[in-house]
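Report on the structure given below.
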Amino acid sequence: MSARSLLESLNMAYANMDMSASRYLLLIIAPAFAFFVGSGVAVLVLGLSLMVGLPVVMLGLLAMVVAIIYPKLAQDRKRKQIRQRFHLFLTHITVLSMTNINRVEIFRTLAEEDEYDALAEEMGHLVAMVDTWNQSLDDACRLRAKQTTSPLLTDFLERLAYTVGGGQRISDFLMDEQDTIIQQFVTRYEADLAKLDVMKELYMSMMLSVAFILVFAIVLPILIGTNPTLLIGGTIVMFSIVQVAFIYAIHVISPYDPLWYIEETEGTGPLNRIPRAMAIGIGCSIVLGIVMIAAMLGYVPPIADRAPLPIMAAIPVTPLLLPGWRMRQEEQKVKVRDGEFPSFIRALGAVESVKQTSTGSVLESLRRKDFGALTDNIDALYKRLNMRIDDIRSWRLFAAETGSYLIQKFGDMYVVGRQMGGDPKVLGQVISENQNEVLKVREQRQQATMTLIGVLYGITASAVFSFFVGLEVVEIMMDITSEMNLGEQSDIAGSILNTEQYNIRTIEFLLILTIIINAGLSAVMIRLTDRGHMISALVHFVFLTWLGAVVAVVTQYVVNVVISV
């Protein structure tokens, strides 16, 4: 982006703010500028060193820059929210358009959906134009199309305004739009996955470079005589910062497509089966952690003598595999239910349209059909509807028991559409087709996640191997210098090799800490890529920790064998 286009987009962002530009300048930018100037003055007055003063000044500069560009950042965030949720929005508005409610009520209903974020806000502005300014719906769409910052929504509102003004039914227009918008959604989803592939390559290059720097930090002090602990500690901090930066980048780039529907379900949802396993896992980890600390302090000699330090560090995290694996199993069930729902909702709509009866009556026969993992949930839904429990509440509990975000969204659309007089067959077909498209791109996302998992495990193994090779080289150098007992040789060794400042045990602790940090951040990265539940990330956390520990022990053994030979 050129400087001119950047300034133009920044100017547009200021023009579209809810707050006037002059008020924003007075309340936000002016204090940020004062903080920046004050930080510089404080550094000069206090006579702070460059090492301390530079970060203070940079913090002030960062505050000012963020204050200046924040309107642009907020605008981009809204544009992204609109793009990510537009396919759900389109399905929802299509379902509502096929009901018997007033067309303005369609937009009023969507404006009350907080989950649509910026889209709900835009629909609220549209309704306000109609209600407060007495604008016609087509004029309101044209005006809002000029004011919104999202090209996707602008194009949609302009075409909608033309259709409404020409007398065509909104439902006909939206049905025609389905294929186009869903195809755009698939294209954008695949483009985001392609960006993830680029990030994966970049991450691999950066992490291997940082791993090389860490190995360099381990070996270099033996030649220049600096404090290795401080140098290694600083490199580990840099190692962690790089990973956190990539985690944020992946969170931003990864498509918004959550798997889980989170709601209290009176003890019946999938997530309610996890706390017990979580408590057992954490409790056992704490107990094992205490035992391993006692062993390292010498209170449990048999363990300290027989177990290598990396293995002792990996043992306490092992019980966390229990809740992680349980959550992983529940996630697999949710994915299976997602795959069965399109056929269920299509069958429900078709039968309900033919029989012209209630959903509960249709489910009496459908609940005997085999819908895989969804069968028990359908049976529970039938029982609730048969007991005359509120329809919306019954469907919400059905969605919560399945644990699926997609089932919750599309199930809500179906039941509201039916209550408002929509054709169940058409509703079922629209919802089924749109969810099938989402499931198709989810398969591609799963493949991208598996590739990332392979990369992360490979980087972990290669990086840990490099770390401990460097550590073993240092330890060998220390042994060589200690064996030089002659005075002349000792002086020569001391002038070339500076080993007295090394504490091998401390450095080994720092490298094990790096293994654990890498395992935790890598597990989070995997979960952000596939948008699964964070508890299931514990599986990869445990496996990556053990992988690092085993590679460390094997590396130490192999290097010692090679050197002894």
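None of the figures in this text is laboratory data; all of them are computed from the coordinates on show. Quantities reported herein were computed from a predicted structural model and do not represent experimental measurements. Using ideal geometry, Cβ is built from the backbone for each residue, glycine included, and neighbour counts are taken over all protein chains shown.
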Net length gained if the chain between Tyr162 and Met534 were fully extended (0.36 nm per residue, minus Cα distance): 129.4 nm
Förster radius 45 Å - calculated FRET efficiency between Asp176 and Leu27, Cβ distance, rounded to 0.05: 0.45
Packing rank of 505-517, 242-254, 420-432, 275-287, where each peptide gets the mean count of other beta carbons within 10 Å, highest leading: 420-432, 505-517, 242-254, 275-287
Estimated FRET transfer efficiency (Val354, Arg505; beta-carbon r; R0 45 Å; 0.05): 0.05
Two-site FRET efficiency, Glu121 against Val550, from Cβ-Cβ distance with R₀ of 60 Å, rounded to 0.05: 0.70
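With n ≥ 4 as the cut-off for DSSP H runs, can you work out [θ] at 222 nm for the chain, using -39500 (n - 2.57) per run divided by the number of residues, rounded to the nearest 500?
Details: 23 runs with 453 residues, N = 565.
Helices in the chain give a 222 nm mean residue ellipticity of -27500 deg cm²/dmol.
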Helix 3-15 axis, angle to the chain major axis (alpha carbon atoms, nearest 10°): 50
Charge dipole (debye, nearest 20) of the chain; +1 at Cβ of Lys and Arg, -1 at Cβ of Asp and Glu: 980
Viscosity 1.567 mPa s, 4 °C: Kirkwood-radius Stokes-Einstein D of the chain over Cα pairs, µm²/s: 46
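Which length gain, in nm to one decimal place, applies between Met58 and Val336 when the Cα-Cα distance is subtracted from 0.36 nm times their residue separation?
95.0 nm
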Longest to shortest principal axis, alpha-carbon extents of segment 3-79, angstrom: 44, 23, 21
Simple label model, 7 Å out from Cα along Cβ direction - Val237 to Gln183, nm: 5.4
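When a/c reaches 1.5 or more, the comparison of a/b and b/c decides; with that in mind, is segment 340-433 rounded, prolate or oblate per its Cα gyration tensor?
Rounded.
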Within segment 533-547, backbone nitrogen closer than 11 Å to the virtual label 7 Å beyond the Cα of Val561 toward Cβ: none
Loop-located GluC sites (Glu not before Pro) in segment 170-265, at most 12 other Cβ atoms within 10 Å (DSSP): Glu264
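Place a +1 charge on the Cβ of each Lys and Arg in segment 3-79 and a -1 charge on the Cβ of each Asp and Glu, then give the dipole magnitude about the Cα centre in debye, rounded to the nearest 20.
Values: 6 positive and 3 negative charges, 41 e Å.
Here segment 3-79 has a charge dipole of around 200 debye.
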Spin-label model distance (nm) - Ala42 vs Ile69, 7 Å beyond Cα toward Cβ: 2.4
Gained length - Arg276 relative to Ile224, 0.36 nm times residue gap less alpha-carbon distance: 13.4 nm
Sequence-distant residues sharing a close amide H with Ser404 (under 5 Å, placed H): Tyr261
Segment 172-267 shape via C-alpha gyration tensor axes, a/c threshold 1.5: oblate
Lysine-lysine proximity count for the chain, Cα under 20 Å, sequence distance 8 or more or distinct chains: 20
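Relative contact order for segment 3-79 using alpha-carbon pairs under 8 Å, separation at least 6, rounded to a whole percent?
Values: 41 pairs, mean separation 32.3, N = 77.
It rounds to 42 percent for segment 3-79.
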Global geometry of segment 385-433, whether rounded, prolate or oblate, following the gyration tensor of its Cα atoms and the 1.5 cut on a/c: oblate
Point-to-point label distance, Thr154-Ile303, nm (Cα→Cβ direction, 7 Å offset): 6.4
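In segment 130-189, which chymotrypsin sites (Phe, Trp or Tyr not before Pro) are in a loop and have at most 10 other Cβ atoms within 10 Å, using DSSP for the loop call?
Sites meeting the loop and neighbour criteria: Trp133.
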